């Protein structure tokens, strides 16, 4: 008996990426919906109840990690596979702590993404080989994650601050007030024991959260 196709929700803020993934995935599986933002993903997850949600982390609005947390807070059985360009252990650990069932980097071949979708649909965990090696290496070296103290929302904001975005820019992206974003900035610095924005950026670069050659704002 032929297995039923899996219903997949694609979440990525680039239409070209979503289109490419849809063309590759459809056939054995079905892309039931697409979302370009965290807010849209949250709404469509509830509307379509997909078998698997493929989620990018670099989203506008509430951000990928916070989107993941919100989806799992409403539906603890939701199966979310992160598909991201970010391969740093900090990103991976934040995603797994927030409830992701798997993590595949965009450097992986398309068949690895399909393997990940099928694995977590069958209630198995899945990490692409590069991520599994990175996480294992960090564990072997006994390297604690300095960002483990941050909540999912704080981690997304930390990434935006490190990327050079201003408080007002972040407020517009996240639909928070500038005062609230400023309070988050203070809280994040206190948790990480950072005195300046420059120290925050240096830590983010060291941990691979942002690139060292990011454009200056």
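Every read-out reported here was derived from the displayed coordinates using simple, explicitly stated rules and does not represent laboratory data. Since the model is a prediction, treat every value here as computed from it, not as a measurement. Because the Cβ atoms are built from the backbone with ideal geometry, glycine has one as well, and the counts that use them run over all protein chains shown.
If the chain linking residue 130 and residue 197 were pulled fully straight, counting 0.36 nm for each residue of separation and taking away their Cα-Cα distance, it would gain 21.0 nm.
At 0.36 nm per residue, and after removing the present C-alpha to C-alpha distance, how many nm does the segment from residue 205 to residue 48 gain when stretched out fully?
Numbers: separation 157, 0.36 × 157 = 56.52 nm, distance 3.76 nm.
So the extension gain works out to 52.8 nm.
Full extension of the segment from residue 149 to residue 97, taken as 0.36 nm per residue of separation minus the current Cα-Cα distance, would add 17.6 nm.
Neighbour counts of other C-beta atoms within 10 Å: give me 147, 200 arranged from fewest to most. Write out the running numbers ahead of the final one.
Numbers: 147 23, 200 18.
Fewest to most other Cβ atoms nearby, the residues stand as 200, 147.
Listed values (i) 1.00; (ii) 0.97; (iii) 1.04 include one computed from this model; for Rg/Rh (Cα atoms, Kirkwood Rh) that value carries the label (ii). With a point put 7 Å past each Cα toward its Cβ, work out how far residue 23 is from residue 115 in nm, to one decimal. About 2.4 nm, to one decimal.
Counted by neighbouring Cβ atoms within 10 Å, the residues 67, 196 run from fewest to most as 196, 67.
A crude spin-label estimate for the pair residue 77 and residue 107, with each label 7 Å from Cα along the Cβ direction, gives 3.7 nm.
What FRET efficiency do you get for residue 212 and residue 169 if R0 is 25 Å and r is their Cβ-Cβ distance, rounded to the nearest 0.05? Before the final figure, lay out the partial values.
On the way: r = 21 Å, r/R0 = 0.85.
Approximately 0.75, to the nearest 0.05.
Normalised by the number of residues in the chain, the average gap of Cα pairs under 8 Å and 6 or more apart makes the relative contact order 16 percent.
Using Cβ contacts closer than 10 Å as the measure, can you line up 84, 37 from fewest to most? Could the numbers behind the result be given before it?
Numbers: 84 21, 37 18.
Going from sparsest to densest Cβ surroundings: 37, 84.
Only helices enter this figure: runs of n ≥ 4 DSSP H residues, each worth -39500 (n - 2.57), summed and divided by the residues of the chain, yield -15500 deg cm²/dmol at 222 nm to the nearest 500.
Be a star and scan segment 31-59 for residues whose amide nitrogen sits under 15 Å from the point 7 Å along the Cα-to-Cβ vector of residue 180. The answer is 39, whose backbone nitrogens lie closer than 15 Å to the label point. Distance between the modelled labels on residue 60 and residue 14, one decimal in nanometres: 1.6 nm (7 Å Cα→Cβ projection).
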